[in-house]
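Values in this text are rule-based calculations from the coordinates and carry no lab data. Note that the structure is a prediction, hence the values are computed from the model and not measured. Cβ coordinates were reconstructed from backbone atoms using ideal geometry, including for glycine residues, and neighbour counts include every protein chain displayed.
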Amino acid sequence: MTYSTLVDIMSQAHTRNMAQGITGILCYGSGQFLQALEGERAAVTALYHRIAGDRRHDDCQLISVDEIASRAFPEWTMKVVNWEDGDMARRRALLQADTGSDMFTPGTMTATQASAFLVHLAELERELSGD
Ligand SMILES: Cc1cc2nc3c(=O)[nH]c(=O)nc-3n(C[C@H](O)[C@H](O)[C@H](O)COP(=O)(O)O)c2cc1C
């Protein structure tokens, strides 16, 4: 899937996510995705099944499911980050620190690595956008 196809999908997704109380972040790079979904369990489960069943992509893996006291991405109905388009030096440094590699390969990340990486990527995005 190309980044522009993803952007098309996500224009509808923001409206749906808002209606369902879903927030999160999605990082896209080299045709791979790493996405965090936050919300009520039933809403997150239903969305996960929709995404997993979406035939526009394959090999969807669930990395972790956790109960959370507060949201890590409360301001975003789904923040979409194009991995290859941004401050690569800082992005690679945080990926290296969190996963031990500066290559964006979500399939090889542990649950701890994936969630730390997304939280730190969100912090960087907030800093660069002045939020
Ligand atoms: C990587 C990826 C992430 C997606 N994320 C969302 C999302 O956050 N919210 C959403 O409503 N749809 C998302 N979609 C689209 C869903 O897979 C699905 O097409 C959409 O929810 C419409 O579902 P429906 O065709 O069953 O009505 C995503 C699709 C892909 C490929």
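List the GluC sites (Glu not before Pro) in the range 35-131 that DSSP assigns to loop (not H, G, I, E or B) and whose Cβ has at most 12 other Cβ atoms within 10 Å. Which are they? Loop-located and lightly packed - E40, E67, E75, E84.
So how much slack lies between A97 and R16, counting 0.36 nm per residue of separation and subtracting their Cα-Cα distance, in nm?
Details: separation 81, 0.36 × 81 = 29.16 nm, distance 3.39 nm.
This chain segment gains 25.8 nm when fully extended.
Averaging 1/r over each pair of different alpha-carbon atoms in the range 1-74 and inverting the result gives 13.1 Å, the Kirkwood hydrodynamic radius. Here's the picture: a label point sits 7 Å out from the Cα of Y48 along the beta-carbon direction, and within the range 64-78 the residues with their amide nitrogen under 11 Å of it are 64-67. Mean-square fluctuations from a GNM of the chain, with a 10 angstrom spring cutoff on Cα atoms, peak among A42, A69, A19 at A69. In terms of overall dimensions, the C-alpha atoms belonging to the chain reach 36, 32, 27 Å along their principal axes, ordered largest to smallest. Between the helical axis of 111-129 and the longest alpha-carbon principal axis of the chain there is an angle of about 80 degrees. For the range 38-115, trypsin sites (Lys or Arg not before Pro) are listed when DSSP marks them as loop and at most 11 other Cβ atoms sit within 10 Å of their Cβ; the list is R55, R56.
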